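Heads up: the structure comes next, in structure tokens.
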Amino acid sequence: MAGHSLFITGATGFIGRRLLQNLDHERYHKIYCLIRKENDAARLPPLPSNCQLVIGDLNRPLTYATSLAECQTVIHMAAATGKATQADYFQINATGTKALVEQCEQHGVRNFLYLSTIAVTYPDISLYFYAKSKAMGEVQVKESRLNYLILRPTIVLGHGGQIWNTFYKLARLPFLIIPGTGQVQIQPIHIDDLVEHLRALLISDVFSNQIIELGGNEKMSFETFLRLIYERVHGRSPLSVNIPLRPVLAVLSLIDRYFPDRLPFNSGQLSAFRFDSTADPDLSLSSSHKMRPLNQTINDLIDWEKEDESRRILSKECDAFTYYLIRQGPSDFIRQKYIKAHEVNLNLHSTNLGIVDRLQMATSIRSSLAVKIADSYSAIFSRSCLIRKKIVLLLAILESSSSTYKHFDLPQGGGRAFLFGRMMLQGIIFAALFIFSSMIFFPLTLIDRLSKERK
Amino acid sequence: MTKVLIVGSGASGVHFALTLLQKGYQVIMLDVGRERPDPVNPEDSFNDLKNNLSDPVNYFLGENYEAVVYPGSTGEYYGFPPNKQYIFDTPEQFEWKATGFAPLFSFARGGLAETWTGGVYPLNAEELRDFPFDYSELTHYYNEISKRIGISGTIDDLARFYPVHDYLLDPLRLDNQSSILLEAYQRHRNYLNTELNCYLGRSRVATLTGEREGRKACSYCGRCLWGCPSGAFYTPSITLRECFSFSNFKYYPNIYANYFKTNRHGRLESIVVESTGMKKHEEIQADTFVLAAGTLSSSKIMLDSIHRENGGNIKLTGLMDNRQILIPFINLNLVGHQYDAESYQYHQLAMGIVGEDTGKYYHALITTLKTALVHPIVQNIPLDLRTALNIFRNVRAGLGVVNLNFDDHRRETNYVTLETDKNTGETRLLINYLPPENESAVLKRTVKTVKKVLRKLGCIVPPFMMHLRPMGASVHYAGTIPMSEHPAPLTTSKYGQSHDYENLYFADGSTFPALPAKNLTFALMANAARIADRQF
Ligand SMILES: Cc1cc2nc3c(=O)[nH]c(=O)nc-3n(C[C@H](O)[C@H](O)[C@H](O)COP(=O)(O)OP(=O)(O)OC[C@H]3O[C@@H](n4cnc5c(N)ncnc54)[C@H](O)[C@@H]3O)c2cc1C
Ligand SMILES: NC(=O)c1ccc[n+]([C@@H]2O[C@H](COP(=O)([O-])OP(=O)(O)OC[C@H]3O[C@@H](n4cnc5c(N)ncnc54)[C@H](OP(=O)(O)O)[C@@H]3O)[C@@H](O)[C@H]2O)c1
Ligand code: SF4
């Protein structure tokens, strides 16, 4: 089999990147990946040696055509997805696909795998330009001389995916906002399950002009699904509000028309809340791969989000504390080391904190002055509090790192008398901030203690 | 040929072994023997390591950040780096509990002195007064050990306290602050000598200033605490390597020695050991047995042997250690100066004080701050950490600490014994220590003198930062089975020969009948060589 080459579009995308990571590279002589800009390569996972990048664009077929000559199979995933202009949807998903199909025919490509979407099956896609353009893409593929497989995944869930990000944001609001009745049926699929199926299809190498609809192993209503996420995020059942879709859609399509770039989403995208997004059992694939339960998918994704969020917060802390200490930002290495220390030392985690600690941590990531105020108070009254522990950890990291250790070695500039004066001034500023911070934190500490004693 | 079995490869064990090997004895050494990892980038200086290692944080703070000292940490701070943790890795068989004492144990090849600070201070005739042999008996071995390990220093005002031995190498290059302190001493010498009974001079350290026998001269790379990469700084594993070159030497690492077995005539027949990590007991026979497992561990083996023999649980009294006080100071003349990272890191100056009323010698080592992890210092300054860091940077070149040592004596209240687990029958070492009642008056007076000296030298002692170290922290353990002129049980002859078992010798600090206010290891090594030479 090795000897036969592959051409992939959309490798830098959400699904493309994951597929590239899991592809059986050794089966191919060469794997060509179409990317748009040279530095997009940085977004790709580590590549095997038989992978070659082609810089080009779907709409400029000459940029990639010659690579097709060597390839037997094309996986076409590139598309305008999410929020794009109407022109882009059609230009890329319909026209771009048409151009690619033509080039494939001209250069003797045999097999064509087109990643379409379940949205093409919605009963009304007149205003949903993404679905419409993808449907037009399907037509191009079906009408070609190529042996094709058209895959229509349902909603694909995975970290970093736009759809999951939207759901997660919705579920983190205090109330659950449900667009429409919430009763439409969905059947989300985990990105790894999708990629596993793609791999299996590529291995079987059967391109029999087939359309396959692919969903997860459970169907449920949108509302149930959102509730599941909400409960996992908040640890309680949500109060929910349904937003009627028709009036919203009407307003949105007006805004779309006159102010196309003002909203974070477009009216078409809301179609997903109007129609069922489930796979037709007749068009499904019988496969030995077992799909993971939806519950597990949600749990995994939320765990990841929480970790990611805590990493983001730690990274912000590290930025604020480093700037506070040495008036320069940390390198990635220092950030990584700071985050890793929190993985090995559980005492650095902010569970069960008092009001003062919580206030200090929350304000500190915002400004370096807030760190100084918190630290001035802790220097005298609360020497082993959380924020001080974290800053001391950072001191230890900074003094051991190549880019920062000099801040511990070199005296501040100026002559001796100047230095004494400078140190005196620093002492006075400390004293002033200490008094100020005590006025804030001391009463709070007392309140905290009293309330704890009462409990 | 007599087969001699030694337990332990520390400072005492290796010099005992080397002397015997040179005399042609067949020597077996049993040791738990945790091994030192290879030094990383041996040519790099301290700061080069930060620049050149791909992950310097991992090197300096450890995989699990074990070298980070968080505010509120309890326990004595020694500053041992992560790559030296192997020195304190204790086998699971060894259990202990202590009251009034914070001991350190090592089961490494080379023992505790793999992480010592290299201070070499011969005990003088006065200090050996309570020992049952004449001072002159030891001087030959001072020379011998000096030849073996390489000692640099000079003959100055401190020679009145430190006997001068042969083979003294040129002193190390002084770091900037130490030389400024020494100059200040010269200026005020008269006053300090006559009014305060205080003498200052160069320390004696087991560090080479010239290349020899595969060891390089000190390159002032500033990595001493992290383990000298060139062998300039002496540790006992260097002598152990020398022992390996003898065909009459057998070294068995990964062996934990439990207790001795005796025969009908009260002689030791064998030692019962376990391979570390395995619970299987084995016996090893020899003609003569030598305990050099460090005072506390040797005591445990002795206690266990008696316990196995007759079920008894006795106390070994007289445990000693030097009381130490750390007195930090700031040399105001050096504010705003830059410190020199390329210097020898440990103490380069020492101070001798004669107690005004006691007439006794008190011993102090002056370490100026050079390379070190400094976040433990910065966080101790009672200011916000940014201001603390700035002030630290400005005064860094002038920071230092005096480590003041006091003598100790054998007392009944201080002892080691065993506690037996009722279910398993296994024993653990119990250590009990009570400081002498009148201790604090002497400590206070001497500290006051040191402060006066420091002021005279242009330094200030910041308030509230002095630290009385817990007993056990000086790691100069001695006295549990003392040499004695009278053949009483639980003592030894002046040659370390047990008065309980005729073919058992003690080669470590257990036999010291007194502990002067000086780091004892040089005397320990000389004494081990003396016993091996005179008795075998
Ligand atoms: C930080 C520090 C700094 C120091 N600085 C100085 C200084 O500057 N000057 C100075 O004079 N002294 C100093 N010392 C003290 C010095 O290290 C000790 O006096 C010396 O190491 C004692 O040597 P030892 O051979 O008697 O025992 P140890 O060093 O304790 O060696 C014991 C040996 O016995 C082995 N062992 C123990 N039990 C068993 C067993 N059951 N079975 C098998 N093997 C066993 C161990 O593996 C080890 O090899 C310092 C100590 C420390 C910790
Ligand atoms: N994610 C889902 O839930 C889902 C569900 C069903 C179907 N699908 C389909 O699966 C495919 C991949 O989806 P995705 O979520 O991975 O999308 P994505 O993250 O938006 O990625 C789109 C990819 O297409 C590339 N691309 C866009 N315009 C291009 C052009 N003009 N020329 C060349 N490349 C171009 C992008 O390159 P740049 O990185 O340079 O922008 C990117 O690599 C799409 O066809 C989509 O319709 C996705
Ligand atoms: S003794 Fe210290 S300064 Fe000298 S070479 Fe060794 S590590 Fe470097």
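Numerical summary
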{"read-out": "For region B:219-288 versus region B:468-536, the gap between their alpha-carbon centres in whole angstrom", "value": "18 Å"}
{"read-out": "Protection-proxy order for peptides A:110-118, A:154-162, each taking the mean of Cβ atoms within 10 Å per residue, highest first", "value": "A:110-118, A:154-162"}
{"read-out": "For the protein assembly as shown, the Rg and Dmax computed from alpha carbons only, in angstrom", "value": "37.8, 112"}
{"read-out": "J(HN,Hα) series, region B:93-110, from Karplus relation 6.51 cos²θ - 1.76 cosθ + 1.60, nearest Hz, glycine and proline x", "value": "5, 8, 10, 8, 8, 10, 10, x, 8, 10, x, 10, 10, 10, 10, 9, 4, x"}
{"read-out": "About the Cα centre, charge dipole magnitude for region A:310-454 (Lys/Arg +1, Asp/Glu -1 at Cβ), debye", "value": "100 debye"}
{"read-out": "Environment charge at A:ASN217 (Cβ cut-off 14 Å; Lys +1, Arg +1, Asp -1, Glu -1)", "value": "-2"}
{"read-out": "Calculated from backbone phi, Karplus (6.51, -1.76, 1.60) coupling profile of region B:265-271 in Hz, x at Gly/Pro", "value": "8, x, 9, 6, 10, 7, 10"}
{"read-out": "Zero-based 5 Å bins, Cα pair distances in region B:87-181, whole percents", "value": "2, 9, 14, 16, 15, 15, 14, 10, 4, 0"}
{"read-out": "Total charge dipole magnitude, region A:5-292, about the Cα centre, Cβ charges on Lys, Arg, Asp, Glu only, Debye to nearest 20", "value": "660 debye"}
{"read-out": "Hull volume in cubic angstrom per residue (convex hull over the Cα atoms of region A:112-170)", "value": "94 Å³"}
{"read-out": "Which of B:PRO39, A:ALA417, B:THR449, positive extreme of dipole for the protein assembly as shown (C-beta unit charges)", "value": "A:ALA417"}
{"read-out": "Within chain B, helix-based [θ] at 222 nm, where runs of 4 or more DSSP H residues each add -39,500 (n - 2.57), nearest 500", "value": "-7500 deg cm²/dmol"}
{"read-out": "Cα-based shape type of region A:1-100, given that a ≥ b ≥ c are square roots of the gyration tensor eigenvalues and the cut on a/c is 1.5", "value": "prolate"}
{"read-out": "Gain on full stretching of the segment that runs from A:ARG312 to A:ALA200 - 0.36 nm per residue minus C-alpha separation", "value": "36.7 nm"}
{"read-out": "Distance between modelled label sites at B:ASN41 and A:GLN296, nm, 7 Å Cα→Cβ extension", "value": "4.6 nm"}
{"read-out": "Under-5 Å amide H pairs with B:ALA478, H placed in peptide plane, nonlocal only", "value": "B:MET320"}
{"read-out": "Debye-sum result for chain A in log10 I(q)/I(0), which assumes one identical scatterer on each alpha carbon, at q = 0.14 Å⁻¹", "value": "-1.26"}
{"read-out": "Three-way shape call for region B:131-249 based on the alpha-carbon gyration tensor, with the a/c threshold at 1.5", "value": "oblate"}
{"read-out": "Gain upon complete extension [A:ASN242, A:ASP88; 0.36 nm per residue less C-alpha separation]", "value": "52.3 nm"}
{"read-out": "Amide N proximity, region B:379-411 versus A:ASN345 label position 7 Å along Cα-to-Cβ, cut-off under 17 Å", "value": "B:379-381, B:385-386"}
{"read-out": "Tilt relative to chain B, helix B:11-22 - C-alpha long axis, 0 to 90 degrees, to 10", "value": "60 degrees"}
{"read-out": "Proximal charge balance of A:LEU283 [Cβ under 11 Å; K/R count +1, D/E count -1]", "value": "-2"}
{"read-out": "Cross-link reach list, aspartates and glutamates versus B:LYS23, counting only Cα pairs under 12 Å and skipping chain neighbours closer than eight places", "value": "B:ASP533"}
{"read-out": "Cα lying deepest toward the dipole's positive end in region B:445-488, options B:PRO462, B:HIS486, B:ALA473, charges on Cβ", "value": "B:PRO462"}
{"read-out": "P(r) histogram, all alpha-carbon pairs of region A:310-454 included - 10 Å bins from 0, percent", "value": "11, 37, 34, 15, 3, 0"}
{"read-out": "Length-normalised contact order for region A:310-454 - Cα pairs under 8 Å, 6+ apart - percent", "value": "27 percent"}
{"read-out": "Spatially proximal lysines relative to A:LYS83 (Cα-Cα < 23 Å; intrachain offsets below 8 disregarded)", "value": "A:LYS37, A:LYS98, A:LYS132, A:LYS134, A:LYS169"}
{"read-out": "Net charge contributed by nearby residues that have their C-beta within less than 13 Å of A:MET361 (K/R +1, D/E -1)", "value": "+3"}
{"read-out": "Convex hull projection area averaged over all views, region B:18-128, Cα basis, nm²", "value": "12.4 nm²"}
{"read-out": "Magnitude of the charge dipole, region B:39-115, Cβ model with Lys/Arg +1 and Asp/Glu -1, debye to 20", "value": "220 debye"}
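The numbers here are math on the coordinates, done by the rules we state, and not lab data. No experiment lies behind these values; they were computed from the predicted model shown. All Cβ positions, glycine included, derive from the backbone under ideal geometry; neighbour counts span all protein chains shown.
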